[in-house]
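**Q** Following this message is one structure expressed as structure tokens.
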Amino acid sequence: MTAPHDVIVVGGGPGGSTAAWQLARAGLRPLVLDAATFPRVKICAGWVTPEALADVEVDPAKYPLTIQPFTACRFGFDGRVHETRWSRPASYGIVRSEFDHHLLDRARVAGADVREGARVTAVTREREGIRVVSERGVFVAPAIIGAGGHHCPVAKAFGQVSEREEVVVAQESETRLPADRLEALRRHAPAPELYVERDLMGYGWYFPKDDVLNIGIGVVSGPGANLPRRRDALIASLRSSGHLPADLPIEPFRGHAYVVRRRAPRRLAGADFCLIGDAAGLARDLSGEGIGPAIRSGLWAAEAMLAQRQHGAPLASYAERIVRRYGSGETGWLGRQLSRLPDGIARALVRATLATGATRRHLVLGGIFGMREVAS
């Protein structure tokens, strides 16, 4: 068994690396365990808000990797398209494998002990602290942060995960293209395009950024989901519209799933643990942007861990903060937020979905925007 650390962070994505970065900067000894070796493939549409970049102190003008600001977005429903524009960048397109590696390396430079290729196989609470068994050894610390996504072992051990959770399943293709091919595609789609499925249970996207084309499809798991059928229909539509020329090959689709914290929400914190990001189900209901909530929750978890260590403050304060920001997950919470939406993608989606013909009595936002029926 290795020497103890102050905090173990399971998961090296944006939330976990941000928490470790903050803890290391404060002088603690965080350990980060991730099953992958970075840079690793990460399935994600890949956009991040200005607020999230500010949280991790990343200046988009100085970020050395793929980054594509956009000031417009198109929303499609039932064959009709609505475009919304902003006076400044509403978000930035990034490549997740690059972005995640950048943040994890920064945590390492700050002093975090980062162990890649260390899949966690067991998390238990023992007399000496939280005991974590991984493929790279056994580790013990007084506290742990679960940042391992939908299937996070910390969430499974302490988060009271329910079988009634609402899960979104998705597939994505990310293809690097020559500059001339991508420029031609931008003539068909000068802005990212988001598509709400006709049955209002799924979503698709088409997102050219720098030298990358990102295409994806998602749906709430369950009866009628049929993700392959939806994927094939999206590709056929993009081919016929010229968005995706017949002679343009794309990378194979890869799948992933994430829980939406809306039904049977997970327990967010206890005496010695916090769940952050996708492990807590924090992808935004209305815009589906999951990187920002992962980063913000990582910052707050680190702050809570520091307050506990320095002042004995309970970690329950972290859970309370998350609920104030993202809701408790109970039925009807989303509906109460519609009246106070800030200007941006979420409000634009509501306007666009109504403008393109979705029912005005009930608005169901699919997949990347969350799956929720809301009285309008």
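The values are calculated or read from the model by the stated rules, or taken from the named source; none is laboratory data. Computed from a predicted model, the values in this text were never measured in an experiment. Cβ atoms come from the backbone with ideal geometry, glycine included; neighbour counts cover every protein chain shown. To get the accessible areas, we keep the full protein, side chains included, count just its heavy atoms, and leave off ligands, DNA and RNA. Shrake-Rupley method; radii C 1.70, N 1.55, O 1.52, S 1.80 Å.
**Q** Mind checking which pairs have a first residue in segment 58-70 that is touching a residue at least 24 places away in the same chain (Cβ under 8 Å) and assigned to a loop (DSSP other than H, G, I, E, B) and a second that is of a type in the set (Ser, Thr, Tyr) and open to solvent by less than 70 Å² (accessible area, probe 1.4 Å), Cβ under 6 Å, 6 or more apart or different chains?
**A** Pairs found: Pro60/Tyr92.
**Q** Then there is this: Considering Val260, Val219, which residue is at pLDDT below 90, open to solvent by less than 10 Å² (accessible area, probe 1.4 Å), of a type in the set (Val, Ile, Thr) and touching a Leu at 6+ places or on another chain (Cβ under 8 Å)?
**A** Val219
**Q** Let me ask you something else. Being closer than 23 Å to Ser240 by Cα and surrounded by 15 or more Cβ atoms within 10 Å (Cβ to Cβ) is the filter here; which residues of segment 52-80 pass it?
**A** Cys73, Arg74, Phe75, Gly76, Phe77
**Q** Within segment 17-57, how many residues turn out to be assigned to a helix (DSSP H, G or I) and either farther than 13 Å from His101 by Cβ or modelled with pLDDT under 95 (or both)?
**A** Total satisfying the criteria: 14.
**Q** Which residue pairs have Cβ atoms closer than 7 Å, lie 6 or more positions apart in sequence or on different chains, and pair a first residue in segment 262-276 that is farther than 15 Å from Gln308 by Cβ and touching a residue at least 12 places away in the same chain (Cβ under 8 Å) with a second residue that is open to solvent by 20 Å² or more (accessible area, probe 1.4 Å) and of a type in the set (Lys, Arg)?
**A** Arg262/Arg372; Arg263/Arg164; Ala264/Arg164
**Q** So which residues in segment 284-319 are in contact with a helix residue (DSSP H, G or I) (Cβ under 8 Å, 6 or more places away or on another chain) and either more than 23 Å from Ala107 (Cα to Cα) or aromatic (Phe, Trp, Tyr) (or both), if there are any at all?
**A** Once the filter is applied, which keeps residues that are in contact with a helix residue (DSSP H, G or I) (Cβ under 8 Å, 6 or more places away or on another chain) and either more than 23 Å from Ala107 (Cα to Cα) or aromatic (Phe, Trp, Tyr) (or both), segment 284-319 yields Arg284, Asp285, Leu286, Ser287, Gly288, Trp300, Ala313, Pro314, Ser317, Tyr318.
Each row is one residue, and each column tells you yes or no for (1) open to solvent by less than 40 Å² (accessible area, probe 1.4 Å); (2) of a type in the set (Ser, Thr, Tyr); (3) out of contact with any strand residue (DSSP E or B) (no Cβ under 7 Å at 6 or more places or on another chain); (4) modelled with pLDDT of 95 or more.
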site	(1), (2), (3), (4)
Ser241	no, yes, yes, no
Leu244	yes, no, yes, no
Phe253	no, no, no, yes
Ala264	yes, no, yes, no
Ile276	yes, no, no, yes
Gly292	yes, no, no, no
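**Q** Continuing with the same structure: Within segment 172-200, count every residue that is surrounded by 15 or more Cβ atoms within 10 Å (Cβ to Cβ) and basic (Lys, Arg).
**A** 1
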